[in-house]
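The structure that follows is given in the form of structure tokens.
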Amino acid sequence: MRSLKLRLAVGLGASLLVLLGLQYVLVNGAIRGTAEHYLADGLSHRAETLIGALEWEADGAELEVPDAAYRRPYSGHYYRVEAGDATFRSRSLWEAELPLPELEIGEHRQWRTAGPQGQQLLVRAVAVQARGEPVRVAVAEDLSPLYAEVRDFQWRYALIAVGVAAALLALQWGLLAVGLRPLERLREQVAALGRGERRELDSDVPAEVRPLVAELNRLVRVLEDRLQRSRRATGNLAHALKTPLTRLFQLAEDPEMPPTVAARLREPAQQIRERVDRELKRAQLAGGSPAQRFDPGREVPALIRVLERTYAEQAPAIAYDGPPPGQACGEREDLVELLGNLLDNACKWARSRVAVHVAIEGEGLALTIADDGPGVPAEQRAALTERGGRMDEQVAGDGLGLAIVNDLVAAYGGSLRFATADLGGLAVHVALPARTTGASDGEDDA
């Protein structure tokens, strides 16, 4: 369960349901106990009434009870009175018996027992002395109507509790949504930061996440400063090399220079110039925030336009097949570097066509770049990623492009595979999983 909102909602909801369930049990127990206590008090009053209704004659006691409930068979209201030698039973007992235990004078008891027709009875018994004679009275009442009322209350209370729980859960979800809204805004800002639409995150956030935002902003500034210094150093180095390169070309064009020496001087100078030009274009292309994510629908067409200008004389037709703009994954600087090297290599060897296929797979990336060039024999493909390795010395290059690609793929924990393309040349297949660690900070120094 990775959602903070869902985790809080489940935790609070579970605790709320436990508390409401506990409240339901306690309230129902209290209601049931109160009702039974009320019924027991009523039985005590009935016992006192029966004792008061005894008429003492010379030949013994008489009992006349006006309550019709005691005369109706199985009415649920029963009594048994023993006064001296006389015993009186309510007609409502019909043929059933109501047990009356031996009690000491002043003693009273209360218990439950089965009554006529399976009724559950609450019995109250008491022993007193009247006119010098012991009197024992047992009064009983059917608990079924009471329990029926309690069950009806339980159902109504359960429905109310469910309604209250639903309302509280909905209110709780709303409060969580409102409380976590700053985190949602923060997530949107981080996404905008990755797209290069922001330079830093807003500091107007809840106190609990303010240290995190401050640290992220500091980290972004540090990375941006480091990247800018790296780009400036690359640009400065390239510009610094232009002046001695120009002097080398001037020397090569000097009429006094022997032709063979001039030719030997001109070739490495030209290679250095091409490398400097490529590094300058790379530094320009990799602009933006270091936190930007790679959007192939936007970045690949831009790379293609740069390479079409770079290889304008060859004029290779570069076809792109990939997701539309707006779908991003990975880090922009790393993946622009990787794709730039692969496309540069394909354009360098292609006769007329280059095909680029990019697919986003979750947080990972799969891409294939193929050309219609001469290709590379299977037994020689293992040497393609060796630094300085070149298949043909007649083609301009320094042998570093695929080595850099291999380093980047390894840093992402991905795979790099070479095959024969449908176009006839070399096909490079790259699969990058979701990045979990930093790629590397030192590839550019190759």
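The values are calculated or read from the model by the stated rules, or taken from the named source; none is laboratory data. Keep in mind it's a predicted model, so treat the numbers as computed, not measured. Glycine also receives a Cβ, built like all others from the backbone with ideal geometry; neighbour counts cover every protein chain displayed.
With (1) of a type outside the set (Ser, Thr, Tyr); (2) free of Cβ contacts under 8 Å to residues at least 24 places away in the same chain; (3) assigned to a helix (DSSP H, G or I); (4) under 20 Å from GLU333 (Cα atoms) as the list, and GLU197 as the residue in question, which single condition is left unmet?
Only one criterion is unmet by GLU197, namely (3).
If you scan region 217-236, which residues turn out to be touching an Asp or Glu at 6+ places or on another chain (Cβ under 8 Å) and surrounded by 14 or more Cβ atoms within 10 Å (Cβ to Cβ)?
Within region 217-236, ASN217, VAL220, LEU227, SER230, THR234 qualify.
Residues of region 122-155 being part of a helix (DSSP H, G or I), among the aliphatic types (A, V, I, L, M) and surrounded by 11 or more Cβ atoms within 10 Å (Cβ to Cβ), which ones?
The first filter runs over region 122-155 and keeps only residues part of a helix (DSSP H, G or I), leaving 144-155.
Filter once more, so that each one left must be among the aliphatic types (A, V, I, L, M): 146, 148, 150.
Hits for region 122-155 are LEU146, VAL150.
Scan region 70-92 and give yes if some residue there is under 15 Å from ALA125 (Cβ atoms), without any contact (Cβ under 8 Å) to a residue 24 or more places away in the chain and surrounded by 14 or more Cβ atoms within 10 Å (Cβ to Cβ), otherwise no. Break it down stepwise before answering.
Looking only at region 70-92, we keep the residues that are under 15 Å from ALA125 (Cβ atoms), and these are 78-83, 87-90.
Retained after the next criterion (residues that are without any contact (Cβ under 8 Å) to a residue 24 or more places away in the chain): 87, 89.
Filter again for surrounded by 14 or more Cβ atoms within 10 Å (Cβ to Cβ), leaving 89.
Yes, that holds for at least one residue.
Pick from region 194-236 the residues that are modelled with pLDDT of 75 or more and among the acidic types (Asp, Glu): which of them is nearest to the chain's Cα centre (by Cα)?
Among those residues, the one meeting the criterion is GLU208.
Right, next: Would you mind stating whether ALA96 is of a type outside the set (Ser, Thr, Tyr) and surrounded by fewer than 13 Cβ atoms within 10 Å (Cβ to Cβ)?
Numbers: of a type outside the set (Ser, Thr, Tyr): yes; surrounded by fewer than 13 Cβ atoms within 10 Å (Cβ to Cβ): no.
When the stated conditions are applied, ALA96 does not pass them.
Consider PHE294 against the criteria (1) at pLDDT below 75; (2) closer than 30 Å to ILE360 by Cα: it satisfies all of them except one. Which criterion is unmet?
Going through (1) at pLDDT below 75; (2) closer than 30 Å to ILE360 by Cα one by one, PHE294 breaks only (1).
Further question on the same structure: Which residues, taken from region 297-309, are in contact (Cβ under 8 Å) with a residue 24 or more places away in the chain and closer than 20 Å to VAL405 by Cα? Can you show your working first?
Here is the first cut: in region 297-309, the residues in contact (Cβ under 8 Å) with a residue 24 or more places away in the chain are 297-300, 303-304, 306-307.
Listed by number, the residues that qualify are GLU299, VAL300, LEU303, ILE304, VAL306, LEU307.
Sticking with this structure for a sec: Taking only region 256-284 into account, find how many residues are modelled with pLDDT under 80 and either within 54 Å of the chain's Cα centre (by Cα) or outside any helix (DSSP H, G or I) (or both).
Selection size over region 256-284: 16.
Next up: (1) surrounded by 15 or more Cβ atoms within 10 Å (Cβ to Cβ); (2) within 59 Å of the chain's Cα centre (by Cα); (3) under 30 Å from ILE31 (Cβ atoms); (4) not aromatic (Phe, Trp, Tyr): which one isn't true of ALA158, the others all being true?
So the condition that ALA158 fails would be (1).
Out of LEU39, LEU20, which single residue is in a helix (DSSP H, G or I), touching a residue at least 12 places away in the same chain (Cβ under 8 Å) and farther than 24 Å from LEU143 by Cα? Steps first, please.
Working: LEU39 fails: farther than 24 Å from LEU143 by Cα.
The conditions single out LEU20.
Quick one: LEU169 ticks every box in (1) under 29 Å from ALA30 (Cα atoms); (2) assigned by TED's automatic domain parsing to the domain that holds LEU43 except a single one, so which number is it?
Every listed condition holds for LEU169 apart from (2).
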